[in-house]
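These notes are about the structure you will find just below.
The values are calculated or read from the model by the stated rules, or taken from the named source; none is laboratory data. All figures in this text were calculated on a predicted structure; none of them were measured in a lab. Cβ sites come from the backbone with ideal geometry, for glycine too, and all protein chains shown count toward neighbours.
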Amino acid sequence: MPVIDKETIEVRPDEALDLTRLEPWLRENLEGAEGHLSVRQFFGGHANLTYLLDFGGQEFVLRRPPLGPIAPSAHDMGREHRILSRLWRKWDLAPRSYLLCTDPEIIGADFHILDRRHGFVLRATNPEETDGKPELCRRIGEMAADVLASFHMVNPDDVDLGDLGRPEGFVERQVAGWTKRWDAAVDKSSPDASAVIAWIEADIPTAQATTFVHNDYKLDNIMVARDDPARAVAVLDWDMCTRGDPLLDLANLVIYWSEESDSALWRMAVYIPTDKPGFPSRAELVERYAHKTGFDVSRFGWYEIFGTFKVAVILQQIYIRYLRGQTQDERFAILGQRVNALIRKCEELIARG
């Protein structure tokens, strides 16, 4: 009998994979796809669907986009496969992707098959991992900053990804693109974000460097070792990776980084349990990253506000699919409250100057 992984659950009925075509395709194309196939689902995340494929002890991961209509260029499995089939050569925290399938006849969507890494993810659901361990918490925070800095030091040319994305004008396109996504995903219950958008558009910084950008870097996208949670074993969720301004990644890490003094409003919006004794502050994360990379962080406030707005858009895109009945996952029912809280958070950060 296969060992049941703590990070997986029985596949949700409305998100089940149709194995009628998938299993034969896997056995024909994937080296190691032998023996009895069992499938479980990773429970983390709110967008892309991720499954554990176990062929009699030989494990792989299958990634596909969420159910229902998705925003153009979002949840790009082809991009994720291209990156992860190369990046692992120079940066060992990137799981290797083996195969990409773009045939809609197999499961109805693009998907790719990648390396299984063993570890766990620090979430609000496993507080015992860090409770009462301030020295460990400090090391985890330093690791999160150091991993990001090391990723941004990888030369894309060294992994045959020097043509990834369009870094020229990247931040400007990000602002325009996320604003457009917001407009497409809102309904009458959504908060008014016009003042926040106007502030963001008024003074866009000039990028000081071009590096890889993960575009969803945060603590719960880092898989850590069970014997030492301050040691990373993988970074997850690569479908938005590109080349561009690295401070966008730093902002994403900071946005999700909770502190003890945070208000209830901020906690509702984005919460990862880093508000315990020992964890570095958001300012300390920024300082450590700047020391490791040499990048100027004097305009980091703009990146933090734009990044907060971007998270609001991501959650609104998921929430509108729930409201339209395109997914039945009840975890999404409260996302409207979190979107409201994020827009209020942007307004508060702007007011602070």
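Figures for the structure shown
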read-out	value
When residues of the range 304-334 are limited to those that are among the hydroxyl-bearing types (Ser, Thr, Tyr) and modelled with pLDDT of 85 or more, the one farthest from residue 49 (Cα to Cα)	308
Subset of the range 1-41 that is among the hydroxyl-bearing types (Ser, Thr, Tyr) and modelled with pLDDT of 95 or more - its residue that is farthest from the chain's Cα centre (by Cα)	20
Residue in the range 194-209 that is nearest to residue 150 (Cα to Cα), counting only those that are under 23 Å from the mean Cα position of the chain (by Cα) and among the small types (Gly, Ala, Ser)	209
Residue within the range 183-204 that is in contact with a Cys (Cβ under 6 Å, 6 or more places away or on another chain), surrounded by 14 or more Cβ atoms within 10 Å (Cβ to Cβ), β-branched (Val, Ile, Thr) and not in a strand (DSSP E or B) present	yes
Filter result for residue 273 (in contact with a Gly (Cβ under 6 Å, 6 or more places away or on another chain), surrounded by fewer than 22 Cβ atoms within 10 Å (Cβ to Cβ) and over 27 Å from residue 114 (Cβ atoms))	no
Answer from 142, 129, 135 - the residue that is touching a strand residue (DSSP E or B) at 6+ places or on another chain (Cβ under 7 Å), assigned by TED's automatic domain parsing to the domain that holds residue 258 and either modelled with pLDDT of 95 or more or more than 30 Å from residue 22 (Cα to Cα) (or both)	129
Residues of the range 241-276 classified as touching a residue at least 12 places away in the same chain (Cβ under 8 Å) and out of contact with any strand residue (DSSP E or B) (no Cβ under 8 Å at 6 or more places or on another chain), total	24
Selected residue (only one of 295, 212 is more than 15 Å from the chain's Cα centre (by Cα) and touching a residue at least 24 places away in the same chain (Cβ under 8 Å))	295
Qualifying residue in the range 167-176 (condition: in a loop (DSSP other than H, G, I, E, B), under 30 Å from residue 278 (Cα atoms) and free of Cβ contacts under 8 Å to residues at least 60 places away in the same chain)	no
Condition met for residue 323 (within 22 Å of residue 220 (Cα to Cα) and assigned by TED's automatic domain parsing to the domain that holds residue 190)	no
So residue 303, is it hydroxyl-bearing (Ser, Thr, Tyr), assigned by TED's automatic domain parsing to the domain that holds residue 131 and outside any loop (DSSP other than H, G, I, E, B)	yes
Residue list for the range 319-333, filter: within 20 Å of residue 11 (Cα to Cα), charged (D, E, K, R) and not in a helix (DSSP H, G or I)	329
Filter pass, residue 337 being modelled with pLDDT under 95, in a helix (DSSP H, G or I) and buried (at least 21 other Cβ atoms within 10 Å of the Cβ)	no
